[in-house]
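Down below is the structure, laid out as structure tokens.
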Amino acid sequence: MVVHETLLSRLKDKTLVVEAAKVGGKWVRDVSDGARFDVFNPATGVVLASLPALSATDARCAVADAKHAQKAWAKRTGRDRSAVLKCWHQLWIENLDDLALILTCEQGKPLAEARGEVLYGASYLEWFAEEAKRIYGDIIPGHAENLRILVMKQPVGVVGAITPWNFPNAMIARKVAPALAVGCAMVAKPAAETPLSMLALAVLADRAGLPDGLFSVITARSGADFGKEMTSNPDVAKITFTGSTEVGRILMRQGADQIKKLGLELGGNAPFIVFDDADIDAAVDGAMAAKYRNAGQTCVCANRIYVQSVVYETFVEKFSARVASLRVGNGLESGVEIGPLINAGSVAKVREHIADAIDRGGKVIVGSEPSELGPLFVNPTVIRDATSDMKLSREETFGPLAPIFRFETVDEVIALANDTEFGLSGYFYARDMARIFKVAEALEVGMVGVNTGLISTEVAPFGGVKQSGLGREGSRYGADDYLEIKYVCLGGQAA
Ligand code: ADP
């Protein structure tokens, strides 16, 4: 047991931090070859916990248990499943302080944001607990006088889930809640950087009475073996993945042999557009929220800020003043707004984007000096006079860097915004109604924020177009990802 004092001493319920994986109904503390990996606090570098590094064989055992458990779970009424999920939701809320603390310690985001994420995650559980009772089918008039057609929806079966480190609570919540609600079982693998949040949720699921085998948590150093097992195991009906577009492509390729169903939430390159008729102060607020949440490490973060020429200088001045005032530090300290990045690779990418932008004529107006807080801290940075040939325009930066581009016309900025293989989210600020409809319809993305920088909610369908993904999470559409449609043609009916 190495669970670090900084974490343990602050927890109300110390049993929420487990150094074990959950395979079917069993907590696995050690694996036969003794392989383990450490979880670090990115703000301090201290080791928080040590976890067993499970293999593909362990994942296979979890799938076998899940298959068995799923059959019984699917037979229960929606109301029954709903009751278990509601109980889990209740425990999730009761343990808000501890779940947020665990999240901040392993992920780095400020405690206030971690609390927001835990509540956001819980909202999916509540939503789908309610939806569990409403998985309606259809009756279609037959195509002959003695025929009737019934359409029923059935759970796909066992689902493999792979989640990233940026939202260790909410990303699994968005998957496990609809899956369990409609009668599926889930075998999940958290990112190696942030497995403690998902494990704490599994502890609460046990307490809520979720039957054994329905939710396994496979801890592993890397995702490759788990991904191969999920894509090649015929008992896995579907894989749901949130992470990079590159890994999404790998899973799609690997799943081709078995035509594996896939739900993919991949990368973004969100445009954030400020038109000349916008409320500039509101646009600055929206840009701060869309850019700097989780230190810029979200797939819906504003990656490219486009501002119309007439209002360019005003926006740059107001926005950079706000960015300069952001407080950077350890997320556990009160008042901190920007925590560390997750690892050295993330820091290197942000620095590379800044250096490349400077080489190509961009001017750093906030954040030029390196942070003294530690190797994973990057000061919030604003670059003006950004141009399309810069790396930050084509690649997702995933860090606290805001590039500001200048544009002249509506058609020009629509073309610029859409000039990317990604299509997750887009934002714009404008007041003219005809312009609002034109731009909202023209943006090639799955989600548009108009005069708002925050779009995530359990009541709306989250997902992307183009190479940003497949399927939707949340809302009534979110259940569809875990359901098959079957139609029954009933003959011999009264003519
Ligand atoms: P990031 O660059 O943000 O870490 P990744 O897509 O690499 O994004 O990681 C997201 C999740 O995918 C993590 O849980 C990671 O372990 C997992 N992963 C990484 N590579 C693979 C792979 N080849 N197959 C399956 N999962 C993978």
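Rounded to a whole number, what is D in µm²/s for segment 166-259 from Stokes-Einstein with the Kirkwood radius over alpha-carbon pairs (4 °C, 1.567 mPa s)?
Values: Rh = 14.0 Å.
Calculated translational D: 92 µm²/s.
Dipole magnitude of the chain about its Cα centre, charges +1 at Lys/Arg Cβ and -1 at Asp/Glu Cβ only, in debye to the nearest 20?
Values: 53 positive and 60 negative charges, 310 e Å.
I would put it at about 1480 debye.
If you take the charge dipole of segment 270-459 about its Cα centre, with +1 on Lys and Arg Cβ and -1 on Asp and Glu Cβ, which of Gly374, Asn303, Pro403 is farthest toward its positive end?
Going by the Cα projections, it comes out as Gly374.
Normalising by the residue count of the chain, find the relative contact order in percent from Cα pairs under 8 Å and 6+ residues apart.
Computed over the chain, the figure is 18 percent.
Summarise the accessible area of segment 270-459 (1.4 Å probe, protein heavy atoms) by the percent that is carbon and sulfur.
Working: 3830 of 7350 Å².
After summing per-atom areas, the C and S share lands at 52 percent.
To test your reading of the geometry: what angle, between 0 and 90 degrees and rounded to tens, separates the Cα axis of helix 111-131 from the longest principal axis of the chain?
It works out to around 40 degrees.
Could you tell me the extents of segment 270-459's C-alpha atoms along the three principal axes, largest first, rounded to whole Å?
Principal-axis extents of the Cα atoms in segment 270-459, largest first: 48, 41, 31 Å.
How would Tyr477, Tyr136, Tyr120 line up by accessible area, probe 1.4 Å, largest first?
Values: Tyr477 105, Tyr136 150, Tyr120 45 Å².
Largest accessible area first, the list is Tyr136, Tyr477, Tyr120.
Provide, as a two-decimal number, the C-alpha radius of gyration of the chain over 2.2 N^0.38 Å, N being how many residues it has. Don't skip to the answer; put the middle values down first.
Working: Rg = 23.4 Å, N = 495, 2.2 N^0.38 = 23.2 Å.
Relative to the 2.2 N^0.38 Å estimate, the chain comes out at 1.01.
Angle between the Cα long axis of helix 196-208 and the longest principal axis of the chain, 0 to 90 degrees, nearest 10?
That works out to roughly 40 degrees.
Nearest 10 degrees is fine. How inclined is helix 56-75 to the longest principal axis of the chain, computing both from alpha carbons?
Computed tilt is about 60 degrees.
Could you list log10 I(q)/I(0) for segment 346-427 at q = 0.17 Å⁻¹, which the Debye formula gives when each Cα is one point scatterer?
Result of the Debye calculation: -0.71.
What is the distance in Å between the Cα centroid of segment 310-329 and that of segment 244-274?
Measuring centre to centre over Cα atoms gives 33 Å.
Calculate how many DSSP beta bridges within the chain are antiparallel, expressed in % of all such bridges and rounded to the nearest 5.
40
I need the fraction of alpha carbon pairs in segment 255-344 separated by more than 20 Å, rounded to a whole percent.
Details: 1970 of 4005 pairs.
Result for the distance tail: 49 percent.
Just to check I understand the Karplus step: with θ = phi - 60° and J = 6.51 cos²θ - 1.76 cosθ + 1.60, what whole-Hz values come out for segment 448-463, glycine and proline as x?
Per residue, the Karplus-derived 3J(HN,Hα) values read 10, x, 9, 6, 7, x, 10, 10, 7, 7, 5, 8, 10, x, 9, x Hz.
Report the Cα centroid-to-centroid distance between segment 177-201 and segment 134-159 in angstrom, as an integer.
30
Below 8 Å, C-alpha to C-alpha, sequence gap of six or more: please give me the relative contact order for segment 270-459 in percent.
Numbers: 364 pairs, mean separation 55.0, N = 190.
Reported as a whole number, the value is 29 percent.
If the reach is capped at under 17 angstrom between alpha carbons, list the lysines near Lys318, excluding any in the same chain fewer than eight residues apart.
Lys318 reaches Lys291, Lys363.
Once each part is reduced to its C-alpha centroid, what is the distance from segment 391-429 to segment 10-57 in angstrom?
39
How large, in Å, is segment 35-179 by the Kirkwood hydrodynamic radius built from its alpha-carbon pairs?
Numbers: mean 1/r = 0.0551 Å⁻¹.
So the Kirkwood estimate lands at 18.1 Å.
The values are calculated or read from the model by the stated rules, or taken from the named source; none is laboratory data. Not measured: the values here are computed from a predicted model. All Cβ positions, glycine included, derive from the backbone under ideal geometry; neighbour counts span all protein chains shown. For accessibility, only protein heavy atoms count, side chains too; no ligands or nucleic acids. Shrake-Rupley method; radii C 1.70, N 1.55, O 1.52, S 1.80 Å.
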